[in-house]
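The values are calculated or read from the model by the stated rules, or taken from the named source; none is laboratory data. Quantities reported herein were computed from a predicted structural model and do not represent experimental measurements. Using ideal geometry, Cβ is built from the backbone for each residue, glycine included, and neighbour counts are taken over all protein chains shown. Areas reflect the complete protein model, heavy atoms only, side chains present, ligands, DNA and RNA absent. Shrake-Rupley method; radii C 1.70, N 1.55, O 1.52, S 1.80 Å.
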Amino acid sequence: MSAYIGLLLGLIVMIICGNWLVSGSVQLARYFKISTFIIGLTVVAYVTSLPEVFISVEAALEGAHDISLGNVIGSNIANMGCVLAIVALVLPIPIRNRAIGFDIMMMFFVTSLLLIFGYNGIISFYEGLFFLTILITYTAWSIYKSRKNNTSKETIEATINPLQAILMILVAVIGLYFGSGWFVHGAREVALLWGVSERVIGISIVAIGTSMPELMTSLMAAFKKEADLSVGNIIGSNIFNVAGVLGITTVIQPLTITDHALFISDMMWLFGISAALLLTMIPLSRGKITRWEGLVLLSLFLAYMIVLYT
């Protein structure tokens with residue numbers, strides 16, 4: 001019973017703190033006059049992915065490498081096949097930002113690097129460092145472009161001062177740290193109780209649980225007619241999960257891939273759902289993710305879950 005309590009308590013804490021983290025980060029970004037799309041692509045995407053950072057690092061330090069890697073791959077699949085699909089089912093998502101093509105290509109690029117780096121069975125310290133270099137460069141370039149091209153009409157004024165926003169962020173980060181620890185311990189115990197591998201738990205329960213902040217953020221953005229924030233949040237989260245989460249994790253503790261065939265299989269599913277998402281957005285300048293397309297993405301995600309547990 002303690003395993004389920006730890007899993008549930010950790011998830012609840014992460015969802016609450018994820019919301020605080022999003023609110024504080026959005027207010028801070030608005031104060032510095034960054035556009036809505038870039039807020040979603042960088043600030044919101046990165047802070048909603050902090051549960052993945054804490055869980056992957058915690059799992060790696062405890063030797064649960066399959067949970068660390070499965071968490072990242074599963075979170076990216078869940079972001080597209082579950083989170084964005086549910087948002088589209090609730091409210092179709094218009095694609096208004098013409099520059100989104102570059103960010104999608106960046107998502108495919110870092111995903112391809114993950115496949116290349118993991119092919120030999122280990123993701124090393126230097127490969128993690130390379131991931132972080134890519135992330136820092138990409139983030140700096142995105143913010144620079146946003147501030148250069150931004151107009152006053154594209155931003156909303158902050159409603160709290162920067163110090164309050166920073167305090168909210170710090171409290172949320174502390175909560176995420178403890179919540180992720182409870183979640184990892186609970187997940188490992190559940191894996192033993194269910195008789196399934198840590199990989200399956202990491203790529204399903206843990207991954208879906210850590211995608212809850214993205215789901216809530218994207219849904220709220222959709223209801224507020226902030227489509228750019230919804231899409232930017234998902235694409236940015238996927239980029240950060242690979243380049244940021246795995247980058248930080250492997251710099252601290254290199255990851256060993258215990259089953260090469262399953263790693264390749266999971267990566268093929270990730271590429272397949274990424275390609276399906278790209279197809280729903282074409283043409284990128286006037287695209288729209290409809291309810292029907294959201295249903296297709298959700299069906300692919302459910303098919304993947306069935307394959308995992310059979």
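Condition test on LYS225, is it open to solvent by 10 Å² or more (accessible area, probe 1.4 Å) and free of Cβ contacts under 8 Å to residues at least 40 places away in the same chain?
Against the criterion (open to solvent by 10 Å² or more (accessible area, probe 1.4 Å) and free of Cβ contacts under 8 Å to residues at least 40 places away in the same chain), LYS225 qualifies.
Being of a type in the set (S, T, N, Q) and open to solvent by less than 10 Å² (accessible area, probe 1.4 Å) is the filter; apply it to region 182-216 and report the residue that is nearest to ASN79 (Cα to Cα).
SER211
Sort through ILE95, ILE123 and tell me the only one that's open to solvent by less than 20 Å² (accessible area, probe 1.4 Å), over 19 Å from MET305 (Cα atoms) and modelled with pLDDT of 90 or more.
Just one listed residue meets the conditions, ILE123.
Inspect region 79-87 for any residue being open to solvent by 10 Å² or more (accessible area, probe 1.4 Å), touching a residue at least 60 places away in the same chain (Cβ under 8 Å) and under 14 Å from the mean Cα position of the chain (by Cα) and give the result as yes or no.
yes
Considering each residue of region 243-273, count those that are open to solvent by 60 Å² or more (accessible area, probe 1.4 Å) and among the hydroxyl-bearing types (Ser, Thr, Tyr), and give that number.
Counting residues in region 243-273 that are open to solvent by 60 Å² or more (accessible area, probe 1.4 Å) and among the hydroxyl-bearing types (Ser, Thr, Tyr) gives 2.
Taking region 263-310, which residues are within 18 Å of GLY202 (Cα to Cα), in contact with a helix residue (DSSP H, G or I) (Cβ under 7 Å, 6 or more places away or on another chain) and modelled with pLDDT of 85 or more?
PHE263, ASP266, MET267, TRP269, LEU270, PHE301, TYR304, MET305
List the number of the failed condition for THR256; all other conditions in (1) over 26 Å from LEU89 (Cβ atoms); (2) β-branched (Val, Ile, Thr); (3) under 14 Å from the mean Cα position of the chain (by Cα) hold.
(3)
For GLY179, which of the numbered conditions (1) more than 12 Å from the chain's Cα centre (by Cα); (2) touching a residue at least 60 places away in the same chain (Cβ under 8 Å); (3) assigned to a helix (DSSP H, G or I); (4) within 20 Å of TYR304 (Cβ to Cβ) fails to hold?
(4)
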